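Values quoted throughout were computed directly from the atomic coordinates according to the rules given, and no laboratory measurement underlies them. Keep in mind the model is a prediction, meaning the values are calculated, not measured. All Cβ positions, even for glycine, are placed from backbone atoms using ideal geometry, and neighbour counts span all protein chains on display.
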Amino acid sequence: MREYLFVFLVALATTYVLVPLMRTIAVRVGAFTEVRERDVHVVPIPRLGGAAMFLGYAAATLVAWRMPFLRQVFESGELIGILIGAGVVCLVGAIDDVKELDALTKLGGQLVAAAIIAFAGVQFFSLPLGVVTVLPAPLLVLMTIFIVVLCINAVNFIDGLDGLAAGLVAIAAIAFFIYSYLISASYAPPNVFSGATFVSAALAGACLGFLPHNVFPAKLFMGDSGALTLGLLLAAAAILNVGQIDPAQVSQLGANQVAATVLPLLIPISIMLLPLLDVVWAVARRTARGQRPWQADAQHLHHRMLRIGHGHRRAVLLLWLWGGVVALGSVSFVVLPPLVAAVGGVLMLALAAGLTTWLPRFSAPGHRPKEYDDQGQRIDV
């Protein structure tokens, strides 16, 4: 555990220290997020914060490679592939932050990065459907690339409020860390040093190092350089968890047979539930309207929270709460009796739903929800 704590702190400290430098660079090169009708910020904000997060993750990787106990997780080459893939999407995102690339060019960069980590070994080798289900290798590689691109765009879609994406990804990374650490500790003989656990620890550190600069009112946005990087790293953690774990390992933790059957698939899905729901709903909504799936609008989850009367900070805190309840609630099934975990999860979901519903009734006088038309343009109400 001490090794992972050190990795976490290296990523956190490096990211935190580098953010002011990246803000200065962003200002000099003109990397600003201009104010659009669908946006909630009212002045242009510099971006490129994702470069600091990538460098924080890279610093943690280099430090871990020099640590005796963690060096073993680098033997397969997976973590080097992840670092290279993250560097590719970060570069594509940074160019987009400065020059606004078209959607197909960005998608091409995402596919290249996804292919890099897949061929480095970060891919599904099997599906834990109660028993280990082995599918043809080409199909598993394609599935891996699809999941990576999906996660990248899911994180990009939820990056709409100050601190929202970084906070949700940090929560997801912490949940992945707990799950993968417990699974690794259950091996015979126990071995808590795994690629999934390392990626989760370093990713959580990079996100939390960036958050102090990004919470409302943000000094710097992560930009596409951050959203694409976080999405790829989150996908890598998910694949290392679900595609390379035998349900028998889950059952050794004391979970019942049903939990052992579904948890390896349920936990990654539940951990990333909010961003995945947002991206699936956005694609379905835009397609139904005859729009391109990547055409921006103001109908994301965070826009809806603002519309029902929540302020910026409260909307972010509530979405963090929803993310934490779902992600950590699913992990609780690994360590708690199923009934206890289920009752606790229901109570926390009820709390989140109650706060989301009732808090707008106590908004400060003069606060008015924001309304948007079908094209995502703000309407004065």
At a 10 Å Cβ-Cβ cut-off, how would you order Ser270, Ser184, Ser200, fewest neighbours first? Ser184, Ser270, Ser200
Would you kindly derive the ³J(HN,Hα) couplings of region 170-185 from the backbone phi angles with the Karplus curve 6.51 cos²θ - 1.76 cosθ + 1.60 (θ = phi - 60°), listing them in order in whole Hz, with x for Gly and Pro? 4, 4, 4, 5, 5, 4, 4, 4, 4, 5, 5, 5, 5, 5, 4, 5
Normalising by the residue count of region 131-232, find the relative contact order in percent from Cα pairs under 8 Å and 6+ residues apart. 40 percent
Give the distance, in whole Å, between the Cα centre of region 164-178 and the Cα centre of region 196-215. 8 Å
Cα centroid of region 40-83 to Cα centroid of region 306-357, whole Å: 29 Å
With a cap of 10 neighbouring Cβ atoms within 10 Å, and only residues DSSP puts in a loop, list the trypsin sites (Lys or Arg not before Pro) found in region 61-112. Arg66
For region 51-66, 3J(HN,Hα) per residue [Karplus equation, 6.51 cos²θ - 1.76 cosθ + 1.60, θ = phi - 60°, Hz, x = Gly/Pro]: 5, 5, 5, 4, 5, x, 5, 4, 4, 5, 5, 5, 5, 4, 5, 8
Here region 79-88 yields Karplus 3J(HN,Hα) values (6.51, -1.76, 1.60; θ = phi - 60°; whole Hz; Gly and Pro given as x) of 5, 5, x, 5, 4, 5, x, 5, x, 5
Thr33 long-range amide H proximity, modeled H, under 5 Å: Ile45, Arg47
